[in-house]
Amino acid sequence: MNPPFLVVTNADLWPRFEHHFAGADERVHLVSSLEIDHVEQVLAWLPEIKAVIGIGGGVAIDIARYLAWRRNLPLFQVPTSMSVIAPFAHRAAVRDKAILKYVGFHVPEMVSVDDDVIQSARVHQPLGCR
């Protein structure tokens, strides 16, 4: 992939993955909201990029998909858990005044599943279990 590209991830994950991008011409967006107004503001300040990489869980993956869809750019997904279908979906989940909506349609160029990364994810008990 040719730089410059955008890495979309969570603040707690970036320290774990940033060494993979050392010396690359990347931009980083640390997700803080699924609200469509916020994501549109991100689009407004985003410099020219050639691809989007989403690293993380559902929120980071959905925001990466949304940004790639709106800019019509190649999308690469690196899920860090298998708790949601976001890495394999084609529509991006965003919130419009707190209401969840699925918008756009963007197929990733690649979904990279790293067994070590997935196995290191926190384990959550299903709701209602003790």
Quick count over the range 1-53, residues being of a type outside the set (Asp, Glu), under 14 Å from the mean Cα position of the chain (by Cα), in a loop (DSSP other than H, G, I, E, B) and farther than 18 Å from Leu75 by Cβ, is 3
Applying the selection to the range 48-64, what residues are open to solvent by 20 Å² or more (accessible area, probe 1.4 Å) and closer than 13 Å to Ile36 by Cα?
Val59
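Test of understanding: among Ile99, Ile85, which residue is β-branched (Val, Ile, Thr), open to solvent by 80 Å² or more (accessible area, probe 1.4 Å), modelled with pLDDT of 90 or more and more than 12 Å from the chain's Cα centre (by Cα)?
After ruling out the rest, the residue left standing is Ile99.
Would you check if Ile61 is within 18 Å of His106 (Cα to Cα) and more than 13 Å from the chain's Cα centre (by Cα)? Walk me through it before giving the result.
Values: within 18 Å of His106 (Cα to Cα): yes; more than 13 Å from the chain's Cα centre (by Cα): no.
In short, no.
Look at Leu67 and say whether it is open to solvent by 10 Å² or more (accessible area, probe 1.4 Å) and either closer than 20 Å to His20 by Cβ or not in a loop (DSSP other than H, G, I, E, B) (or both).
Values: open to solvent by 10 Å² or more (accessible area, probe 1.4 Å): no; either closer than 20 Å to His20 by Cβ or not in a loop (DSSP other than H, G, I, E, B) (or both): yes.
Spelling it out, it is not the case that Leu67 is open to solvent by 10 Å² or more (accessible area, probe 1.4 Å) and either closer than 20 Å to His20 by Cβ or not in a loop (DSSP other than H, G, I, E, B) (or both).
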Pairs with Cβ under 7 Å, 6+ apart, first in the range 26-45 and closer than 15 Å to Pro4 by Cβ and of a type in the set (A, V, I, L, M, F, W, C), second open to solvent by 30 Å² or more (accessible area, probe 1.4 Å) and outside any loop (DSSP other than H, G, I, E, B):
Val28/Trp14
Is there a residue in the range 117-125 that is over 15 Å from Thr9 (Cα atoms) and either part of a helix (DSSP H, G or I) or at pLDDT 85 or above (or both)?
yes
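The values are calculated or read from the model by the stated rules, or taken from the named source; none is laboratory data. Since this is a predicted model, take the numbers as computed values, not measurements. Glycine also receives a Cβ, built like all others from the backbone with ideal geometry; neighbour counts cover every protein chain displayed. These accessible areas exclude ligands, DNA and RNA; they are computed on the full protein's heavy atoms, side chains included. Shrake-Rupley method; radii C 1.70, N 1.55, O 1.52, S 1.80 Å.
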